[in-house]
Amino acid sequence: PDPGPRRLAPIAPVWHTVVLILVILAVSALGFMRHSGPHGAVVVNRLHTYGTTAILEVVLIGWVALGVKLRGARLRSLLGNVSIMLKAILVDFGIAIVFWVLSMMALATVAMMWISVESWITHKPIPIQTDKSGKPTMTGRDDRAAKAVVQLAPTNGKEAAAWLMLCMLVGVAEELVFRGYLQTQFTAWAKGAAAAGVVFSAMTFGAAH
């Protein structure tokens, strides 16, 4: 007979997970408030911003490590089975590249559809013009998020190196926090229903961004 969904034990106390989610949402809300002014936030020192973000990611890893330790588990277990064979690494890298390209295409398509629909509803032209060098640029008061992303992008070699290291740290940290910890925790709370774990961890991930 079909035994049904596999019952998983929670990997951390409930209070620990609640605190983690509240902190993630609070940081996200603070970031939104920073960029909610009429001109958005002005990034003065990108290296300082990268460093602050890296510290936050390390704190999240430390908090997750504390939670799993309270239940006698190891932080390494949250990463699942990771092969160090060259073939497996190359396959993972290839999948990542293909996914990245396709996701950029999908996001660009959705963005253009969103802008077009918004322009049609509001009866306003699409707020895209060209600067003095002929490059396309967005104008208007509704591009604060785009400006904030541009302000965070590296502009020289030192910032690019710091940004690259930050991206690698964020990739590992968010795998641990959202997929390894939260997805497993939500799945356990849903009595082994993996779909629930995926959906609720994805919702938390989306809300955090």
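The values are calculated or read from the model by the stated rules, or taken from the named source; none is laboratory data. Small disclaimer: the values here were computed from a predicted structure and weren't measured. Only protein heavy atoms, including side chains, enter the accessible area calculation; ligands, DNA and RNA are left aside. Shrake-Rupley method; radii C 1.70, N 1.55, O 1.52, S 1.80 Å.
Some points to look at:
- Overall Cα dimensions of the stretch 48-121, principal axis frame, Å, largest first: 56, 35, 28
- Å² per residue, accessible surface of the stretch 166-209 at 1.4 Å: 46 Å²
- In the assembled protein chains, L70 presents an accessible area of approximately 90 Å² (probe radius 1.4 Å).
- Amide H to amide H, with H built 1.01 Å from N, L8 comes under 5 Å of G192, counting only residues 5 or more places away or on other chains.
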